[in-house]
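The values are calculated or read from the model by the stated rules, or taken from the named source; none is laboratory data. Quick caveat, the model's predicted, so the values are computed rather than measured. Glycine also receives a Cβ, built like all others from the backbone with ideal geometry; neighbour counts cover every protein chain displayed. For accessibility, only protein heavy atoms count, side chains too; no ligands or nucleic acids. Shrake-Rupley method; radii C 1.70, N 1.55, O 1.52, S 1.80 Å.
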Amino acid sequence: MSSKMEEILEILEKNARASVEEIALMLDMSVEEVQAAIRKLEEDKVIVGYNTLINWDNSNKETVTALIELRVTPQRGQGFDKIAERIYRYPQVKACYLMSGSFDLTVIIEGKNMKEVALFVAEKLAPLEGVVSTSTHFVLKKYKNDGVIFEENGKDDREALRL
Amino acid sequence: MNLQEMIKPTVRNMPPSGIRKYFDLLNEMKDAISLGVGEPDFVTPWAIREAGIYSLEKGHTHYSSNPGFIELRRQISRYVARKYNVEYDPKTEIVVTVGASEAIDIALRALAGPGDEVIIPEPSFVAYKGCTMFTGATPVVIELKEEDEFRLKPEQLEKALTERTRVVILPFPNNPTGAVMRAEDQRKIVDVLKDRDVIIISDEIYAELTYSGKHISFASYPEIRDKTILINGFSKAFAMTGWRIGYACGHHVLIEAMNKIHQYAIMCSPTTAQYAASEALNSCEDEVQAMVREYNRRRRVMVKGFRDAGLSCFEPMGAFYVFPSIKSTGMTSDEFCEKLLMEEKVLTVPGTAFGACGEGYIRATYANSYENIAEAMRRINRFVSRHRK
């Protein structure tokens, strides 16, 4: 990948709302070049979405997040992919990773409350064929997500004038 | 007793800084955007801060040896060799200073005195002239020109050199212009200086912040290596301004002389900062490069912003400053900056703060967020169109 492509990703990763005009200016490219580059990155599934990072704790909406450790039996010919798909298709599943180590899948679940999440695990995940065991950990506080510190004091305390 | 008369003339006669009034104006103002800052907006990378904290936890709160911990000097030696292709013996040829500023001061104090001349290209950092005058030596200013892209031309240097020249200061990449030297000009400067009995102080504090290829250190030319004091530090590249830590490298005779002053005036650089600096050299290359890419993007945004506002703006390839010409507005630098602050609440620095030849220019820093830069450029655009002659 060209260094310009990497820089486009670097910019968009920090700010998905950066406009093509702004990016063009930052990277000394034409607007058309930036548009083409972003289109290519989207087609190649390098860019797979433009999400907003939300700290739900600061909103009125009640949500809980849980991290579920799953041990599963891989299926012949399909490894973990098939069972993973049956899990990640649920909209409640925010993330799903295949892991090395003492368990196999990490599943991040969001729900309205602990009961809802616990029921989802008990009724949907645990009974799945191939799931050997589950272990549910509720998130108590999010300090940092996707590289963003939630309670960062971004105050500029520099001297306003310095030669 | 008149206390004023007790102050020695070189200090008493030093004119007060012309920027005082901007602080006063700024204090009465809310939501002003400052492009007058002279330091990174990034906070020191965490690994460095953590190393400083850890050193305190471990109780490393004592003096180090005068020139700095030998481990840190070894690291600096390796870093300078790798980055700038010049070798220094960590035992005798490196002194760790309280910021690059101290290095400038003790170098000048070690070298220059009454009757000596110190060549200073301007516009440039104010301390060169100030520290020179405190030694009693005479500053000889070379006026860098926009048409030369604010580079020092060998002919200019040739003309400024006299029998009394003791020191030549080479301030590149440059604050406030953002100018960098080109290899072909550097070569000619080296040819001018190599057979002269002068010492070169090359202040390369912005060396890592260059945007047009690799920085070439003056010290890397073997012909002048032994007569060059290479000054660098951690403030700009590693975003460590408040830690106050820098260093000077040079022939052992020069560094030993500087270390004599350093040991009486300073004793040693802050120990915590030395531990932090050691970690900076250890593990922070990627973070430095990420910051450089970020500065470069902001640089382009700001240069375009000034040009769109109708001001001619030389393209700076180093540091984090833009130095546009405001001559087309018919205002002096000082008028421009004061009006801009009062009318649009954007603070910039008049070019004259960096030498008389800075008249007609202003310095703006792009070590700031995109949002602030974009908003400042909108205001400057509005301001310039309103005042266009």
*In the stretch A:14-54, how many are farther than 26 Å from B:Arg378 by Cβ and within 14 Å of chain B (Cβ to nearest Cβ)?*
0
*Within the stretch B:212-233, is even one residue touching a residue at least 40 places away in the same chain (Cβ under 8 Å), touching a strand residue (DSSP E or B) at 6+ places or on another chain (Cβ under 7 Å) and either within 14 Å of chain A (Cβ to nearest Cβ) or open to solvent by 20 Å² or more (accessible area, probe 1.4 Å) (or both)?*
no
*Read through the list (1) modelled with pLDDT of 95 or more; (2) under 26 Å from B:Glu149 (Cα atoms), then give the number of the only condition that B:Lys389 fails.*
(1)
*Among (1) small (Gly, Ala, Ser); (2) in contact with a Gly (Cβ under 8 Å, 6 or more places away or on another chain); (3) within 30 Å of A:Arg39 (Cβ to Cβ), which single condition is A:Ala66 missing?*
(3)
*If we only count strands (runs of 3 or more DSSP E) wholly inside the stretch B:112-192, which ones have 1 or more residues that are more than 14 Å from every other protein chain (Cβ to nearest Cβ), surrounded by 24 or more Cβ atoms within 10 Å (Cβ to Cβ) and of a type in the set (A, V, I, L, M, F, W, C)?*
B:117-122, B:165-170
*Does B:Lys58 satisfy being on the phi < 0 side of the Ramachandran plot, among the basic types (Lys, Arg) and open to solvent by less than 70 Å² (accessible area, probe 1.4 Å)?*
no
*asked:* Checking the condition more than 30 Å from B:Ile94 (Cα to Cα) and surrounded by fewer than 17 Cβ atoms within 10 Å (Cβ to Cβ), which residue from B:Glu285, B:Glu343 passes?
replied: B:Glu343
_For the stretch B:190-216, which positions are among the polar types (S, T, N, Q) and either more than 17 Å from B:Val95 (Cβ to Cβ) or at pLDDT below 95 (or both)?_
B:Thr210, B:Ser212
*Please state which one of B:Ala319, B:Ala367 is among the small types (Gly, Ala, Ser), within 13 Å of another protein chain (Cβ to nearest Cβ) and at positive phi.*
B:Ala319
_Cβ-Cβ under 8 Å pairs, at least 6 apart or on other chains, the stretch A:140-163 side more than 10 Å from chain B (Cβ to nearest Cβ), far side hydrophobic (A, V, I, L, M, F, W, C)_ = A:Lys142/A:Phe150; A:Tyr143/A:Ile149; A:Tyr143/A:Phe150; A:Lys144/A:Phe150; A:Asn145/A:Leu53; A:Asp146/A:Leu53; A:Val148/A:Leu53
_One residue from A:Lys82, A:Lys61 being closer than 30 Å to A:His137 by Cα, surrounded by 11 or more Cβ atoms within 10 Å (Cβ to Cβ), away from every other protein chain (no Cβ under 14 Å) and of a type in the set (D, E, K, R)_ = A:Lys82
*Odd one out for B:Arg299, checked against (1) within 13 Å of another protein chain (Cβ to nearest Cβ); (2) over 18 Å from the mean Cα position of the chain (by Cα)*: (2)
*In the stretch A:62-139, which strands (runs of 3 or more DSSP E) lie fully inside it and hold 1 or more residues that are without any contact (Cβ under 8 Å) to a residue 24 or more places away in the chain and aliphatic (A, V, I, L, M)?*
A:93-98
*Filter the stretch A:28-57 down to the residues that are touching a residue at least 60 places away in the same chain (Cβ under 8 Å) and of a type outside the set (A, V, I, L, M), then identify the one that is most open to solvent (accessible area, probe 1.4 Å).*
A:Asp57
*If B:Val292 satisfies every condition in (1) in contact with a helix residue (DSSP H, G or I) (Cβ under 8 Å, 6 or more places away or on another chain); (2) in a helix (DSSP H, G or I) but one, which is the exception?*
(1)
_Looking for something over 27 Å from B:Gly318 (Cβ atoms), touching a helix residue (DSSP H, G or I) at 6+ places or on another chain (Cβ under 8 Å) and of a type in the set (Lys, Arg) - is there at least one such residue anywhere in the stretch B:75-91?_
yes
*In the stretch B:305-336, what count of residues is obtained for those that are open to solvent by 40 Å² or more (accessible area, probe 1.4 Å), free of Cβ contacts under 8 Å to residues at least 60 places away in the same chain and not in a loop (DSSP other than H, G, I, E, B)?*
3
*asked:* Could you tell me how many of the residues in the stretch B:213-228 are closer than 15 Å to B:Ser77 by Cα and not in a helix (DSSP H, G or I)?
replied: 1
